[in-house]
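Chemist: Before anything else, here's the structure in question.
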Amino acid sequence: MSENYWERVIGNTKLNIYLKDLKDAALDGFKDESDNYKQKLVYNLLETVRNNDQKKFFYILIKAINKPKGNFKELWEELKKCYDVMPEEAFVNFAYSIILGIMATYGGEKNE
Amino acid sequence: MRAIQGEVLQDNENMQNQLAFTGNWFIDAGILGFVNLMEEVYGWDLNELQNRINKEPEKVYYGYFPFAYLYKLLGRTQEVNPELIKKLDKELKDKIFKDSQELFDFVWFSFICALFKDSWIKNKFKLIYHDDAYNNKKKLKKQFNYKNTQIYLQKIGEREKLITTIQNEHQDEIKEILKSKKGLTKFEYEDLEKLINYDGDVSKELKRSIELLKEKNFDIMNFLENEWENNVVKQQKLTKKESLFYRIPIDNSFYKNFLFFNLKKGNLEQKDSFYNMIRFNLNEEEILKRMDKTVNKFLLSEKEFSNINYTKLSTEPLKKQFEYLFVYLVCFIYAFENYRNMGNVLFYSNDLGFSYRINNRMKLYKKKLEDKRNSNLIFRITWQQIINSLVEYKSSWSLENMYIISYQTLDNETQENIEYIGIPKLQASIILDDKIRESLNNIIQFRSKNFENRFCWLLEEFIKGKSLYPLILNHVNLVINNETNLSYYSAIYSLITEANILYFRSENEKPNSSIFSENYFNNYKGLVQDIKEDVRRTSYCASLIKIISNDEDKKSRIARELISALKAKDKNLFLNILLKNLNESKELASNDSFNRWLMEKIIKNNVCFEIYGLILVMNLIGGRKNE
C-alpha cells in the first residue's frame, strides 16, 4: 500500500499527504493531555468528519492545538504542509488519521 | 559424421510426428479426442500412442485410426466383436504395405467392412415389400442395384408372400401378438421381429407358419452374409454401380457434411472420401478446404463470419503444419466426456499431457460423480479432481492456462448451454498452497437474490475468478441474524486472499510500475507468503476488537451498524461508527497493535478497506469460537 495517500499538483509544486506522519504528529502532540479532554475532543471531531464539515473540523483542531507551550510543533508543521480543502475521500483519511493518532495516546505514556 | 546426420534427421522426423497441442483450442480438443479414441479402442495410453506414431505413423493414421473411428461410431448403436481388434493388430504388425492407399484399402475391406457386416445385413434385411425396391416409375432404386438384385428381391418377395398369407389366415391372433388395435395396414420390420420372437401360446397352424417365416428369414440372412463376405470383404471387387448397394450404414449428426456420411454415396466413395480426409487431400474434397461450421459446430458458418477478412478461412496454410489435421478435427467430440446432469465436459490447458491426465482422472470419478444427485456436488468433485491433479503435477503445469469447456447439445441446429470457464494462473498458483486451499475448500451458506438460503463452494468461486467478498458479506449477515454459524477460517482466508490479490493488481496497474519494475517479473511468487503473513497478523489484531465491550448485545449492535455501512460502501460512516465506539474503550483505542492495524488496513487502504472492515465485524459477532 502506498504511504502517499493524496497527491495534487498546484502550480509547480506537488501537494502530498503522508497519513502516517500526520498520525505520528498527532500522537506526539496529544500524549500529555488528559484522557477526558481528549475523548471529548475526539467525539467533537468525529461529528464534523461525519458531516464532511472541513471548516469546523479544522476550527476545532486548530483551537485545540493552539498551545505554544505544548508539543504540537510537529503537527503544526504537518498541517502547514497540507492544509487545503480536500475532496471528501481524501479528507476522510486525513481526518481519521489524526483522530486515530489522538486515540493512541489514551492511558498516558504506557502505550508508546 | 553421416551417422550423426542420420540421427539428427530422424530426430527431426520424430519431432514432426510428436503429438502436441497447438494453442488453438478446437484443434487441440481434436488431438485429445484422437488420443482418447485410440485409448478407448486399443487401450493405448498417450505414451504408447506416441511411440507407435514415432515408429510407424502411417499404420496408426491409415490403419488403426479409421477402424477405431468407425468402430466407435458403430459401438454406439450395437455391440461389436472385440476379436476383430486383436486380429487387426496382428495383421497390421506382420504385413508390409507399399503405400498408405494400399494399407488403407486393406483395412477398409478386410476389417471395416467386416465390422459392419451385421449392421449392413440388418439394413438390407429390413426391406419387407418387394415393390419398395422400385420407385414410382417402376424403376429399380439405385441402392438396390447390383449383380444379384434379382435373387435378393425374389427372396424378399417370397417372404412377403408368406407374411401376407399369415396375416390373412391368422388376423385375430396377429392383432393380439402385435398389440395393434386397428387392423394392420402395413406390416413393418418391427412387426416382423415381434412376430418371430413371440413366445406366448399360438395356434398350431400359426406356429408352423412362424417356423416357415423364420426359415425364410434365415435364408435371406445367409444369402446377404455370403454376398457381403464374398463380394466385399474377401474379393473387394464391387463395381462402381454396385457401390451404393454395399454402402456402409453410418451416420453422424456432428459431421454431416463429410461425404462418407452422405446417404447417396456408395461404399467406394465412402472409402475414398475417408482416405482423402485422413490424407488432407483438399483438392479432392470441398469440405477439406475450409475451416468453418461444417467441420466444427463451435465455429461460425462462412456467412456468419462478420469480418470479410476471415471468411473462407482456408485450410491450405495449415496443411504444412498439420499433416493429419482432419483426423483430429473429426475426433473433436471425443475430447468431451458426458456427465449426467452436467453435459459434455472437457478440461483444457495448453499442454496435451496435462490435459490428458486431468481428463482421465475426471473420467475415473465419473461413476462417483453420476451417483450424486446434487449437481452442485458433481461440480465440486470435478473441480476437486482438477485441483488434486494440479497439486500433484505442480512443476509441469505452472505456466499453463486452464479452461473447462462444456456443452449440453451440439449439432447442426442447436448449440445449447455452451460454457467456457477459464482458471486464471494467479488463482491456480494460490491454491497450490495447502493451507489456503484447505481453508477455501469449504461450503458456506448465503442468501440468494430470491431470498432462499443457498450453499456455495468457495474454492469454485475462487477458481472462476469471482469475488468472494460479496458472498462472505452475505454469509456474515446471516450469522448476525442467527441463521447460520460463522465459517471463520474459510471466511478470513477468502477475504485476505482477495485483499492481497487486489493490492497486487493495484500495484501493477500504477502508472509508474513499468514492465521493467521488479514487481512485474517477480509476479506472484511472494503473494502466497503475503497472504499467510496477513492472515496471521489480521487474525490477531482484528480479534482485539472483542474487548471493545463486555456486553454481547452492544457488540452485536455495533456489528449491525458496521455491516450496514459496509453494504453502503461508506468508508466515512464505517470509521465514524467504529471510532465513536472505540472512543469509549480507552484500552482498545490505545492498543498499539490494534491502532496500527486499523491505520494501515482501513484508513490508509484505498483498495479494499471493506474487506478488513468485514473481518472486524466477524470478530465482533464471535470470531473463532463458533468454528
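The values are calculated or read from the model by the stated rules, or taken from the named source; none is laboratory data. Note that the structure is predicted; figures quoted are calculated from it, not measured. Methodologically, a virtual Cβ is constructed for each residue, glycine included, from the backbone with ideal geometry; neighbour enumeration extends over all protein chains shown. Calculation scope for accessible area: heavy atoms of the full protein, side chains included, ligands and nucleic acids excluded. Shrake-Rupley method; radii C 1.70, N 1.55, O 1.52, S 1.80 Å.
Chemist: Please list the non-local residues whose amide H lies under 5 Å from the amide H of A:ILE17, H modeled 1.01 Å from N, same-chain partners needing a gap of 5 or more.
Modeler: Here A:TYR5, A:TRP6 satisfy the definition.
Chemist: Further question: If R₀ is 60 angstrom, what is the calculated FRET efficiency for the pair B:LEU299 and B:ASN168, using the beta carbon separation as r and rounding to 0.05?
Modeler: That gives a FRET efficiency of 0.60.
Chemist: For chains B and A, what's the summed buried accessible area, probe 1.4 Å, to the nearest 100 square angstrom?
Modeler: 2600 Å²
Chemist: Applying a 10 Å radius around every beta-carbon, put B:35-44, B:573-582 in order of their mean neighbour count, most first.
Modeler: So the peptides B:35-44, B:573-582, ranked by packing, come out B:573-582, B:35-44.
Chemist: Which length gain, in nm to one decimal place, applies between B:ARG596 and B:ASP551 when the Cα-Cα distance is subtracted from 0.36 nm times their residue separation?
Modeler: 13.7 nm
Chemist: Can I ask one more? If each of B:LYS240 and A:GLU47 carries a label point 7 Å out from its Cα toward its Cβ, how far apart are those two points in nm?
Modeler: Between B:LYS240 and A:GLU47, the label points sit 10.4 nm apart.
Chemist: A follow-up question, please. Angle check, please: helix A:88-103 long axis (alpha carbons) against the longest principal axis of chain A (alpha carbons), in degrees 0 to 90, nearest 10.
Modeler: Taking the Cα atoms of chain A, the angle to A:88-103 is about 20 degrees.
Chemist: Around B:LEU598, under 12 Å between beta carbons, what's the net of Lys plus Arg minus Asp minus Glu among the other residues?
Modeler: Net of charged neighbours comes to +2.
Chemist: Calculate the spin-label point distance for B:GLU56 paired with B:LEU502, positioning each point 7 Å from the Cα along the beta-carbon direction, and give it in nanometres.
Modeler: 6.3 nm
Chemist: Mind checking A:17-23 for the average number of partner chain beta-carbons within 10 Å of each residue's beta-carbon?
Modeler: 2
Chemist: Under the Kirkwood approximation for Rh and a Cα-based Rg, what ratio Rg/Rh is obtained for segment B:215-261?
Modeler: We get a ratio of 1.10 for segment B:215-261.
Chemist: If you don't mind, another one. Measure nothing but the geometry: give the 0 to 90° angle between the long axis through the Cα atoms of A:35-50 and the longest principal axis through the Cα atoms of chain A, rounded to 10°.
Modeler: The angle comes out at about 30 degrees.
Chemist: Also, I was wondering about something else. Over 31 Å between Cα atoms, which of B:LYS141/B:LYS237; B:LYS122/B:LYS175; B:LYS207/B:LYS265 qualify?
Modeler: B:LYS207/B:LYS265
Chemist: What ranking of B:THR409, A:THR105 comes out by heavy-atom accessible area, probe 1.4 Å, highest first?
Modeler: Sorted descending by solvent-accessible area, the residues read B:THR409, A:THR105.
Chemist: Separate question: Using the beta-carbon distance between B:MET221 and B:ASN338 and R0 = 41 Å, what value does 1/(1 + (r/R0)^6) give for FRET efficiency, to the nearest 0.05?
Modeler: FRET efficiency, B:MET221 to B:ASN338: 0.75.
Chemist: Peptide A:87-100: average number of partner chain Cβ atoms within 10 Å per residue?
Modeler: Mean shielding count: 4.
Chemist: Extending each Cα 7 Å along its Cβ direction at B:ILE128 and B:LEU432, get the distance between those two points in nm, one decimal.
Modeler: Those two pseudo-labels are separated by 6.6 nm.
Chemist: Could you calculate the FRET efficiency of B:GLU533 with B:PHE455 from 1/(1 + (r/R0)^6), where r is the beta carbon distance between them and R0 is 30 Å, rounded to 0.05?
Modeler: 0.50
Chemist: Right, something else. Report the gain in length on full extension from B:ASP199 to B:ASP99: 0.36 nm times residue separation, minus Cα-Cα distance, nm rounded to one decimal.
Modeler: Separation in residues times 0.36 nm, less the Cα-Cα distance, equals 30.6 nm.
Chemist: For peptide B:597-609, compute the average count of partner chain beta-carbon atoms within 10 Å of each residue's beta-carbon.
Modeler: Per residue, the number of nearby Cβ atoms from other chains is 4 on average.
Chemist: Could you work out how much longer the chain between B:ASN442 and B:GLU211 gets when fully extended? Use 0.36 nm per residue separation minus the Cα distance between them, nm to one decimal.
Modeler: Contour length minus Cα-Cα distance gives 76.5 nm.
Chemist: Nearest 10 degrees, 0 to 90: what angle lies between the long axis of helix A:54-65 and the longest principal axis of chain A (Cα atoms)?
Modeler: Around 40 degrees separate the two axes.
Chemist: Across the Cα atoms of segment B:539-599, what radius of gyration and what greatest pairwise Cα-Cα distance (Dmax) are found, in Å?
Modeler: That works out to 11.3, 29 Å for Rg and Dmax.
Chemist: Name the trypsin sites (Lys or Arg not before Pro) in segment A:9-112 that are in a loop by DSSP and that have at most 14 other C-beta atoms within 10 Å, would you?
Modeler: Here the sparse-neighbourhood loop sites are A:LYS69.
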